[in-house]
Amino acid sequence: PKSLKGSETGKQIKLEEVAIGQTGLLLTKGPGMMLGYHNYESETNKVFVYDQYGNKWYNTGDLVKRTRHANKETAFNGRLKRNFVCGCANIYPEEIESLLTSMPEIKEIVVTKVADEKYQFLPSYHICLEYPCNTEELKNKIEVFIENALGAFALPGYIEFTTTPLPRTSNGKLNAILLEKNDNKKLQNNNLLLTRKVY
């Protein structure tokens, strides 16, 4: 994983390896790497960066954490496009989703972001239940679990429980974009219920 010291892809920028325990962008290079998108220079420039030595790197858009130094093991943290800032913390939705799907009450979950004046964004949890249960007890269980595992900023600012399957895209993936749009509409209409503010 690398940290980008620059703002533009397709340009020469300084790259630095991240330290153990830190999260960075996964960049790859090598003989098996594609040359670019055929007749699509603008998209090619979006996914390739050049380091300070002129080496060409493919930006996967994946956020990974370095776990060990000797063999450069990494752990997937999420996609760059989905992460956001809450207060002073980076929030990785896939990390929260992975933790909570281990709970027997939760069938599936999508974490999105909702704009907030104080914290920039708050996490919004969309949870499809495996079976009907006491949602107040489950909410408390989730909050204890997440605060212990990831810290207070990862706690849900908003939470929605349903027994109806969450919306999916045409290719079968959970539709985080649609859920986020629905949150914004609810917020504009003042009917998105705040369950817990982060402090």
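Would you check if Val114 is under 11 Å from Cys86 (Cα atoms) and of a type outside the set (Lys, Arg)?
yes
If you check Thr60 against the conditions, is it under 23 Å from Val85 (Cβ atoms), surrounded by 13 or more Cβ atoms within 10 Å (Cβ to Cβ) and of a type in the set (S, T, N, Q)? Even if it seems obvious, please write down each step before you answer.
Working: under 23 Å from Val85 (Cβ atoms): yes; surrounded by 13 or more Cβ atoms within 10 Å (Cβ to Cβ): yes; of a type in the set (S, T, N, Q): yes.
So Thr60 passes the test.
Step by step: first the residues of segment 135-176, then only those that are among the basic types (Lys, Arg) and over 13 Å from Leu100 (Cβ atoms), then the one that is surrounded by the most Cβ atoms within 10 Å (Cβ to Cβ). Which residue is that?
Arg168
Mind listing just one residue for me: the one in segment 73-119 that is of a type in the set (Asp, Glu) and open to solvent by 30 Å² or more (accessible area, probe 1.4 Å) and, of those, modelled with the lowest pLDDT?
Within segment 73-119, the match that is modelled with the lowest pLDDT is Glu73.
Are there any pairs, at least 6 apart or on different chains, whose C-beta atoms fall under 7 Å, with the first in segment 15-39 and within 23 Å of Gly54 (Cβ to Cβ) and among the polar types (S, T, N, Q) and the second surrounded by 14 or more Cβ atoms within 10 Å (Cβ to Cβ) and at pLDDT below 80, and if so, which?
Short answer, once both residue conditions are applied: Thr28/Tyr58; Thr28/Thr60.
Let me spell it out: the conditions are (1) closer than 26 Å to Asn189 by Cα; (2) open to solvent by 10 Å² or more (accessible area, probe 1.4 Å); (3) out of contact with any Phe, Trp or Tyr (no Cβ under 8 Å at 6 or more places or on another chain), and His126 meets all of them except one. Which number is the exception?
Here His126 meets the rest and fails (2).
In segment 22-51, which residues are assigned to a helix (DSSP H, G or I) and surrounded by 15 or more Cβ atoms within 10 Å (Cβ to Cβ)?
The answer is Thr44, Asn45, Lys46, Val47.
In this structure, does Ser102 turn out to be free of Cβ contacts under 8 Å to residues at least 24 places away in the same chain and hydroxyl-bearing (Ser, Thr, Tyr)?
yes
The values are calculated or read from the model by the stated rules, or taken from the named source; none is laboratory data. It should be emphasised that the depicted structure is a prediction, and the values quoted were computed from it without experimental measurement. So basically every Cβ, Gly included, is an ideal-geometry build from the backbone, and we count neighbours across all protein chains shown. Side chains are part of the model used for accessible areas, which takes the heavy atoms of the whole protein and leaves out ligands, DNA and RNA. Shrake-Rupley method; radii C 1.70, N 1.55, O 1.52, S 1.80 Å.
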